[in-house]
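These notes are about the structure you will find just below.
Laboratory data are not the source of any read-out in this text; all were calculated from the coordinates shown. Computed from a predicted model, the values in this text were never measured in an experiment. Note: ideal-geometry Cβ built from the backbone for every residue, glycine included; neighbour counts use all protein chains shown.
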Amino acid sequence: MTRGTPAAGDEPGWLRVWIAAEISLVVGREAAEQDEVGRELLPPLQDQLATLVGGGYLTPQQRAEAGVALGWLGDPRPDVTCVVSSRLEIPAGSFLMGSKKEVDGEAYDDEEPQHSLDLPLYKIGKYPVTVGQFRCFVEAGGYDEAAYWTEAGWKQRQEAGWKAPRYWDDPRWTVPNHPVVGVSWYEAVAYCNWFKAETGRRRIPHLQIAGLGEKVFAIQRAIVEITTATAATTNAAIYAPLRSKIRPASQGKRAAPAPKAEPTAPLIEPRAWPGKRSLATAVTNDDRDPSPAPNSRA
């Protein structure tokens, strides 16, 4: 691997970091940690990959692939895979909500009239809930503790035999530093209740600000609409190449064909990673009905 962290403008140096990570993936993290040389080289490589991803070096697609490698090799950033991630303070201010049909011909009736909404100060997680963070809930027995679940959610978990999110055994969807996917609304609520019990801090699966009610839900929909507008091109540019990447030897199996999405109820949409569903924001399949059945997974 490369020795020393490359300078900001050293593109060949950052390419070497990325290539070193890809080679390390072939070896596998577990094998590297059991080898004397591997134990020496892995920590600086992890730090350099984190700098590459966070510093905006190389192209977006190369950074995305470097981020996948970082996830499998071990992301050292303290708020990515730990139970409690950093929160960002959003200052009070106005938000332009809704659409104008004369500008957006595909706007729905309930998106009008477009107007300015004043929001109070609030805090939100720096990242969507990651696989690593949700794994803490799974490994702590969160799927076996009825106290974390709503009555309807626990019934659904028992009937369906849920033990983990959907695709939990598929390495394409469980990169530790990526947003968790395959989570139903019931599971999201259970996770948040477990999180509060563990940390004393409240985490909610969708943005709630006292007194705003449906206005906040409309803001969530607007965020999702902006995100999904770019999802198709982002998937083609970033995720398609990743599906053919070699996985760490420790994962033990090749990726299966991509799972087919099912049309269902409250899903959790992405922000940082378009095309994958996360615990960032609760929405419905058509992004408009706030109260469908919450028992499906996608």
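The table that follows gives values for the structure above.
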{"item": "Scaled radius of gyration (Cα, divided by 2.2 N^0.38 Å) that the stretch 136-208 gives", "result": "1.08"}
{"item": "Whole-Hz couplings from phi, Karplus 6.51/-1.76/1.60, listed for the stretch 21-38; x for Gly and Pro", "result": "5, 5, 5, 5, 5, 5, 5, x, 4, 4, 5, 5, 6, 8, 10, 4, 5, x"}
{"item": "Rounded, prolate or oblate (a/c below 1.5 giving rounded, otherwise prolate when a/b exceeds b/c) for the stretch 39-179 by Cα gyration tensor", "result": "oblate"}
{"item": "For W168, W14, W173, order by how many other beta-carbon atoms lie within 10 Å, fewest first", "result": "W168, W173, W14"}
{"item": "Peptides 180-191, 55-66 ordered by average Cβ neighbours within 10 Å, highest first", "result": "180-191, 55-66"}
{"item": "Label-point separation in nm, D104 to W154, each point 7 Å along Cα→Cβ", "result": "4.1"}
{"item": "Cβ charges +1 (Lys, Arg) and -1 (Asp, Glu), total dipole of the stretch 1-111, debye", "result": "380"}
{"item": "Long pairs among K163/K196; K100/K126; K123/K196, criterion Cα-Cα beyond 27 Å", "result": "K100/K126"}
{"item": "Within-13-Å neighbourhood charge of P78 [Cβ basis; K, R +1; D, E -1]", "result": "-1"}
{"item": "Under 5 Å, built H, 5+ apart or other chain: amide partners of L119", "result": "G93, S94, F95"}
